[in-house]
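K.L.:
Starting off with a structure, shown below.
The values are calculated or read from the model by the stated rules, or taken from the named source; none is laboratory data. Keep in mind that this is a model prediction, so the values were computed, not measured. Note that we place each Cβ from the backbone using ideal geometry, even for glycine, and neighbour counts take in every protein chain shown.
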Amino acid sequence: MKRDMDLARKILLAVEEKDDHVIPFVPAIENYDKKQINYHIQLLDQAGLVESKSSSTLADGTKWSIKSLTFSGHDFLDASRNDTIWSKAKESIKSKGLSLTLDLLKMALNDAAMSQFKG
């Protein structure tokens, strides 16, 4: 399965918007299936952006659920929240023929935000 940074961002936004604090939970994201969401929760945990919990059964395999955003997760979400900045950052990376890695996205988000700040 391929990593989808748009899905990763949508999961982070869904975690932040959740206000009833029922933990752990798995967000439902439109146009993505449970396997894609499960995989991306695991990736977000590996990247240190969320704290998650895994559970395994023979019938269903390993399922991941989110306990909370980490400090780094909040920082990434704050940097990527603006749709214009998010789009500019992704386009900047793609226009150079590069892959959307987390580290490149962080740098491109910062550059796009600074560009918008300077006006």
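K.L.:
With 94, 88 as the choices, which residue is surrounded by fewer than 17 Cβ atoms within 10 Å (Cβ to Cβ), part of a helix (DSSP H, G or I) and not assigned by TED's automatic domain parsing to the domain that holds residue 17?
P.N.:
94
K.L.:
If we keep just the residues of the stretch 52-61 that are touching a residue at least 12 places away in the same chain (Cβ under 8 Å) and out of contact with any helix residue (DSSP H, G or I) (no Cβ under 7 Å at 6 or more places or on another chain), which is nearest to residue 16 (Cα to Cα)?
P.N.:
Applying the filter and picking the extreme gives 53.
K.L.:
Considering only the stretch 75-95, I want to know if a residue exists there that is free of Cβ contacts under 8 Å to residues at least 24 places away in the same chain and in contact with a Ser or Thr (Cβ under 6 Å, 6 or more places away or on another chain). I'd like the intermediate steps shown before the answer.
P.N.:
Going through the stretch 75-95, the residues free of Cβ contacts under 8 Å to residues at least 24 places away in the same chain turn out to be 75, 78, 83, 87, 89, 91-95.
Among the residues that remain, those that are also in contact with a Ser or Thr (Cβ under 6 Å, 6 or more places away or on another chain) are: none.
Within the stretch 75-95 (the criterion being free of Cβ contacts under 8 Å to residues at least 24 places away in the same chain and in contact with a Ser or Thr (Cβ under 6 Å, 6 or more places away or on another chain)), the answer is no, since none of the residues qualifies.
K.L.:
Hey, another quick one. For residue 43, all conditions in the list (1) in contact with a Phe, Trp or Tyr (Cβ under 7 Å, 6 or more places away or on another chain); (2) at pLDDT 95 or above hold save one; what is the number of the exception?
P.N.:
(1)
K.L.:
Now a separate question. Tally up the residues in the stretch 1-27 that are free of Cβ contacts under 8 Å to residues at least 12 places away in the same chain and not in a helix (DSSP H, G or I), please.
P.N.:
6
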